[in-house]
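This is the structure, below, for whatever I ask next.
The values are calculated or read from the model by the stated rules, or taken from the named source; none is laboratory data. Given the structure is predicted, the values throughout are model-derived calculations rather than measurements. We place every Cβ from the backbone using ideal geometry, glycine too, and count neighbours over all the protein chains shown.
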Number of protein chains: 2
Amino acid sequence: MGSIVALGGQVGGAKLADGLYRLRGHALTVAVNTGDDYEHLGLSFSPDLDTMLYTLAGIASASAGWEPEGETQAVHNMIKALGGPDRPIHGDRSLAAPLLRTEGLANGRTLSEITADFCRRLGITARIVPMSDDQVRTYVITEEGSITFQDYFMQLACEPAVRGFQYAGADTARIADGLIEALHADDLEAVILCPANPFHVIRPILEVEGMKELLLKRGAPVIAVTPIIGQRALKGSAAKMMRELGRELSARSVAGEYIRLIDGFVLDSEDVTLVDSVRSLGIDVVALPTIMRSIDDRVALAQEVLDFAGVVRARMDAEAA
Amino acid sequence: MGSIVALGGQVGGAKLADGLYRLRGHALTVAVNTGDDYEHLGLSFSPDLDTMLYTLAGIASASAGWEPEGETQAVHNMIKALGGPDRPIHGDRSLAAPLLRTEGLANGRTLSEITADFCRRLGITARIVPMSDDQVRTYVITEEGSITFQDYFMQLACEPAVRGFQYAGADTARIADGLIEALHADDLEAVILCPANPFHVIRPILEVEGMKELLLKRGAPVIAVTPIIGQRALKGSAAKMMRELGRELSARSVAGEYIRLIDGFVLDSEDVTLVDSVRSLGIDVVALPTIMRSIDDRVALAQEVLDFAGVVRARMDAEAA
């Protein structure tokens, strides 16, 4: 068994990464989107990194996977009482990582170093790395102008129609050292694009300078898992965005987003009728139960995805021979 | 009835200020020590200001008056889990004011403006002002070197013997505008030095450039209330400091600290035998029950102190005539 690199963010992405982690432990590196990072009350929030940390540490809330279990709102309620912003912030426990992150960054440490420390303290043996230690910010281009994803999400409640995206800073950002190292590992077995919003989670990672070229050059099978089932996204605004961008609302469109980069695509079993259509894009396809309700579901899907990657690799090796 | 200026900090000082507030409402200005302010996790803590805010807002804990009632430790526990400093920080609700303060200061607002906003939102009609909007830091001089009061208190648990104090920045700090205004009020009736540590609460306020001169010039009776009863401090390290500084451990020593500035001194009833001895310092003296266990105790002491200030003023007027 070789090493695995997963790219992801959001709750769905973290769930599959957790399945991979339970199968492969320290042989897993998870590269996490930081394009949705933001500043609030002077603190540096990295929502996708923290979701990944809580999930792999086994302390994420079952019902609200982006925050630790048993979250409370004492700080926020007092902030409101003191006249601070009414905008909901994360709960009390969720403030700890941003507080330490902000202090670490102010002291000249990198986001990678800070994240590695969190992993060590939480007992996570996998490597969780930000996609880059340089700042990248995802902007949503709407009819009313360009706005950071966080403002689009928090202040505008994803209301304005989406016309496009911009990944500010991505073209000069450097891939994080830990990710470069993981992608160069001799035993690299597969790269998994976890089920997450293609536009503001997976795409920002791929847009980091040199990332797509490195993935292509590396030659390990790149497998994407759909976040779209039927005509819906399990969570979040992916379906709405696809409609507004004029894309056909289906898993096939997601595969289309990653075309010329991925070697295999995982549909949900519900979309088994799309297999041939997606295969016509020139990639391997499999339909699997992708909904992860339990920890067992995460592990089962991770195993199926790795098995599929093995099949894809065999095909790639045969073609190269 | 005229206006009142109280100088203070700590729980005891806040209790008497609260008694004065309940008697005089918006006619009270409280100038608060900021020499013990500190940075932790990148946040600006102003412990004496916050104690005053919680107390006058009626939300201070009955058992731990420096924090709001019903405090929890979710943030701190998570910070520890993430490998952050083990040093105890305030509880969850106590983080709200430092978070907003840090953001406000970063945005160029003054500590006075930020504090006034907090007062307004908490429904406090009295004016609570920092002694200065410029930074002053109290250093404890020990045999092992000079150290900020906060480090002395938090990290060294007040262990090293005290040789003296230094109020860094006080000689160039400007008295806060709100305090200058309050001290120049035509109807200023009295200035009350609340019961609090003379060395790191009251003295830093008095050391702000021009403060003592302004109090003397203003001519309103300046009345100090003892934080020492018998040979003990009700709270905190005042008694230990007095011993180590070679002072006689008694309320008389406290009066001695303020000599040439105060016109009257309030002893505790337990120390009634000291009345003549303190009076020999050339000031008016009264012995009163100074222990404030209940809200009624605060109001009763405040009323007695104001009555005493009236007596002192009559004596001063008679002497001037």
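Taking the conditions exactly as written (within 26 Å of residue A:63 (Cβ to Cβ) and either surrounded by fewer than 14 Cβ atoms within 10 Å (Cβ to Cβ) or not acidic (Asp, Glu) (or both)), does residue A:273 satisfy them or not?
In short, no.
Identify all residues within the stretch A:236-266 that are more than 17 Å from residue A:224 (Cα to Cα) and basic (Lys, Arg); write none if there are none.
The answer is A:240, A:243, A:247.
When you go through (1) more than 19 Å from residue A:16 (Cβ to Cβ); (2) modelled with pLDDT under 95; (3) surrounded by fewer than 20 Cβ atoms within 10 Å (Cβ to Cβ); (4) out of contact with any Lys or Arg (no Cβ under 8 Å at 6 or more places or on another chain) one by one for residue A:250, which number turns out not to apply?
(3)
Hey, could you check the stretch B:99-118 for residues that are in contact with a strand residue (DSSP E or B) (Cβ under 7 Å, 6 or more places away or on another chain) and surrounded by fewer than 22 Cβ atoms within 10 Å (Cβ to Cβ) and say which is farthest from the other protein chains (Cβ to nearest Cβ)? Spell out how you get there, then give the answer.
In the first step, residues of the stretch B:99-118 are kept if they are in contact with a strand residue (DSSP E or B) (Cβ under 7 Å, 6 or more places away or on another chain); the result is B:99, B:101-102, B:105, B:111-112, B:115.
After this cut, where a residue has to be surrounded by fewer than 22 Cβ atoms within 10 Å (Cβ to Cβ) as well, the list is B:102, B:105, B:112.
On the way: B:102: 5, B:105: 9, B:112: 15 Å.
Step by step, filter the stretch B:99-118, then rank; the result is B:112.
Here is a further query. Condition first: of a type outside the set (Val, Ile, Thr) and not in a helix (DSSP H, G or I). Now tell me which residues in the stretch A:272-321 satisfy that.
The answer is A:280, A:281, A:282, A:284, A:287, A:288, A:289, A:292, A:293, A:294, A:321.
Restricting to the stretch B:261-277, what's the tally of residues that are in contact (Cβ under 8 Å) with a residue 40 or more places away in the chain and of a type outside the set (Gly, Ala, Ser)? So that I can check it myself, show each step before the final result.
If we filter the stretch B:261-277 for residues that are in contact (Cβ under 8 Å) with a residue 40 or more places away in the chain, which is where we start, we get B:261-268, B:270-271.
Filter again for of a type outside the set (Gly, Ala, Ser), leaving B:261-263, B:265-268, B:270-271.
Summing the residues that are in contact (Cβ under 8 Å) with a residue 40 or more places away in the chain and of a type outside the set (Gly, Ala, Ser) in the stretch B:261-277 gives 9.
Scan the stretch A:57-76 and report the pairs whose first residue is assigned to a loop (DSSP other than H, G, I, E, B) and whose second residue is of a type in the set (Ser, Thr, Tyr), with Cβ atoms within less than 6 Å and a gap of 6+ or a chain change.
Taking only residues 6 or more apart or on different chains, the pairs are A:66/A:51; A:67/A:61; A:67/A:94; A:69/A:61.
State all residues of the stretch A:119-154 that are within 14 Å of chain B (Cβ to nearest Cβ) and touching a residue at least 24 places away in the same chain (Cβ under 8 Å); if no residue qualifies, say none.
Answer for the stretch A:119-154, where residues must be within 14 Å of chain B (Cβ to nearest Cβ) and touching a residue at least 24 places away in the same chain (Cβ under 8 Å): A:119, A:122, A:123, A:124, A:128.
Sticking with this one: Please work out which one of (1) surrounded by 22 or more Cβ atoms within 10 Å (Cβ to Cβ); (2) away from every other protein chain (no Cβ under 12 Å); (3) part of a helix (DSSP H, G or I) is the condition residue B:50 fails and give its number.
With (1) surrounded by 22 or more Cβ atoms within 10 Å (Cβ to Cβ); (2) away from every other protein chain (no Cβ under 12 Å); (3) part of a helix (DSSP H, G or I) applied to residue B:50, the lone miss is (2).
Now, a different point. Restricting to the stretch B:60-94, what's the tally of residues that are within 9 Å of chain A (Cβ to nearest Cβ), under 21 Å from the mean Cα position of the chain (by Cα) and within 16 Å of residue A:96 (Cα to Cα)?
So the count comes out to 1.
Would you tally the residues in the stretch A:77-98 being charged (D, E, K, R), surrounded by fewer than 22 Cβ atoms within 10 Å (Cβ to Cβ) and part of a helix (DSSP H, G or I)?
From the stretch A:77-98, those charged (D, E, K, R) are A:80, A:86-87, A:92-93; that's our starting set.
Applying the additional criterion that residues be surrounded by fewer than 22 Cβ atoms within 10 Å (Cβ to Cβ) yields A:80, A:86-87.
If we keep only those that are part of a helix (DSSP H, G or I) as well, we get A:80.
Count: 1.
For residue A:147, which of the numbered conditions (1) among the β-branched types (Val, Ile, Thr); (2) in contact with a strand residue (DSSP E or B) (Cβ under 7 Å, 6 or more places away or on another chain); (3) buried (at least 19 other Cβ atoms within 10 Å of the Cβ) fails to hold?
Condition not satisfied by residue A:147: (3).
State which residue pairs qualify: first residue in contact (Cβ under 8 Å) with a residue 40 or more places away in the chain and inside the stretch B:228-239, second residue assigned to a strand (DSSP E or B) in any location, beta carbons under 6 Å apart, and separation of 6 or more residues or different chains.
Close Cβ pairs (under 6 Å, with a partner that is assigned to a strand (DSSP E or B)) amount to B:229/B:268.
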